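Structure, as structure tokens:
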Amino acid sequence: MFRRPPEDPSILAARAAAQRESAAAEVERARLMAQLDREQQEAAAEHARRQAIADEQERRRRDAARRVERAERRERQRKARAEFAAKLRPVLPLLLINGGAAYAQAAYAYNQIAPADWNTTSRVAFAIAFAAALESIAVYVQWHAHDALLLKAHATAASLRRAAWVIAAVVAAINYAHFADGIAPTAAAVAFALLSLLSPWLWGLHTRRAQHVQLLAEDADLIDDAGVEFSPKRRRMFPIRSLMAARWSIEHNERDPRKAWDGYHTERAARTAARKANQAQKVTTPPVDPTPDEMPADPWDHAEPVIPTPHVPARKPVHPARVTARSLTAAERVIDAHTTEPTANHERIARLAQVSVSTVKRHRPRPVTGSPSAPDAAATPVAATPAPIAA
């Protein structure tokens, strides 16, 4: 009764087969899991390796960028220092001169102007402020003149330069008065006065140099060239010709010394030949009276004279066909027309001679009052006749 019934062998076989399959599946699962672990480890290692490579490349890139940035910053700093030195170099003497003048003003202000009951710091601060204020006036005005000239405001720059000279002269007089023995000069008085007085002149030198550099940067043709420069030997041998050739080069904008020398001598030879030709013509040609157009105009010549003039004998009439208008002067044509029609008025004579009425009035013979050849007074108006003065 308590005995277990025997199991079916087929069931046992199936159970054993199932167990074997489960064990095989478990082994395969373990193998796959192990393979997956290996693949994950390999992928993680590859990722770590690639990440390390990327990190190394990024670090190198950042290092290279920092090196380039440092190099660019050093280059910018070097250029800035070079530009600052280039700007400071021409103005350093000016700053030293103004500094010397400011020191003189500060020393005088510390010893003579600042109250004696002040402490040393206050007196020094007051002396520095006084010297800076007094010496910076002319410098400030001259700086504005410098800026105006670079902006091509030439009239404003000139007026500001004159004002700077006046202010510098006043400050120089103050410096001289501070250190002079009464009105007698001393070394300190003369030196500090010159420091203040020469400041605008030196600033003007710097301004002209800056303007020259600006014109060179814009266009070299904007610079007014001073002509050619001949060698010292040529100037010693031909001082007058060198000077005149340099003048010729300035007038003709020539920068080549040889062309300037040849051009001046060519022009000089032409002038000499023309002068000799004129002299020869004067010797061989008799003097010619000036033409009516070249004679100076006199307003009284346009009026009829009140005082009678001697009668000019009439010339023999000339046939108009024998003489052309081009072969006679205006005066001769007027006289011929007057001879042909002595009683005609000025307008008729002007038409016959083909000249103006004013020319007829200048060159027509003055008729004698009461003569039969006098033109009709009513037909010829009198212009600008001076009134007779009562006795």
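The values are calculated or read from the model by the stated rules, or taken from the named source; none is laboratory data. Computed from a prediction, not measured in an experiment: that's the story for all the values here. When we count neighbours, we look across all protein chains shown, and the Cβ atoms used for this are built from the backbone with ideal geometry, even at glycine. Each accessible area value is taken on the protein alone, full model and side chains, heavy atoms only, with ligands, DNA and RNA left out. Shrake-Rupley method; radii C 1.70, N 1.55, O 1.52, S 1.80 Å.
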Output the number of residues of region 76-125 satisfying the condition of being aliphatic (A, V, I, L, M), under 28 Å from the mean Cα position of the chain (by Cα) and open to solvent by less than 60 Å² (accessible area, probe 1.4 Å).
7
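This table checks each residue for (1) surrounded by fewer than 17 Cβ atoms within 10 Å (Cβ to Cβ); (2) not acidic (D, E).
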{"site": "A153", "(1), (2)": "yes, yes"}
{"site": "L195", "(1), (2)": "no, yes"}
{"site": "W203", "(1), (2)": "no, yes"}
{"site": "A217", "(1), (2)": "yes, yes"}
{"site": "I250", "(1), (2)": "yes, yes"}
{"site": "N253", "(1), (2)": "yes, yes"}
{"site": "D256", "(1), (2)": "yes, no"}
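For S199, indicate whether it is open to solvent by less than 80 Å² (accessible area, probe 1.4 Å), at pLDDT 85 or above and among the hydroxyl-bearing types (S, T, Y).
Numbers: open to solvent by less than 80 Å² (accessible area, probe 1.4 Å): yes; at pLDDT 85 or above: no; among the hydroxyl-bearing types (S, T, Y): yes.
No: the conditions fail for S199.
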Scope region 341-356; condition assigned to a helix (DSSP H, G or I) and surrounded by fewer than 16 Cβ atoms within 10 Å (Cβ to Cβ); matching residues:
E347, R351
Assuming D224 fulfils every condition listed in (1) part of a helix (DSSP H, G or I); (2) at pLDDT below 85; (3) of a type outside the set (V, I, T); (4) open to solvent by 40 Å² or more (accessible area, probe 1.4 Å) apart from one, which condition is it?
(1)
All but one of (1) touching a residue at least 24 places away in the same chain (Cβ under 8 Å); (2) open to solvent by less than 80 Å² (accessible area, probe 1.4 Å) hold for T186, so report the exception by its number.
(1)
Would you pick out the residues in region 176-219 that are outside any helix (DSSP H, G or I) and of a type in the set (G, A, S)?
A180, G182, A184
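Give the residue, chosen from A180, A138, that is closer than 19 Å to R208 by Cβ, modelled with pLDDT under 85, over 21 Å from the mean Cα position of the chain (by Cα) and open to solvent by less than 40 Å² (accessible area, probe 1.4 Å).
Working: A180 fails: closer than 19 Å to R208 by Cβ.
The conditions single out A138.
So which of A133, A125, A129 is under 15 Å from A172 (Cα atoms), modelled with pLDDT of 85 or more and part of a helix (DSSP H, G or I)?
On the way: A125 fails: under 15 Å from A172 (Cα atoms); A129 fails: under 15 Å from A172 (Cα atoms).
The unique qualifying residue is A133.
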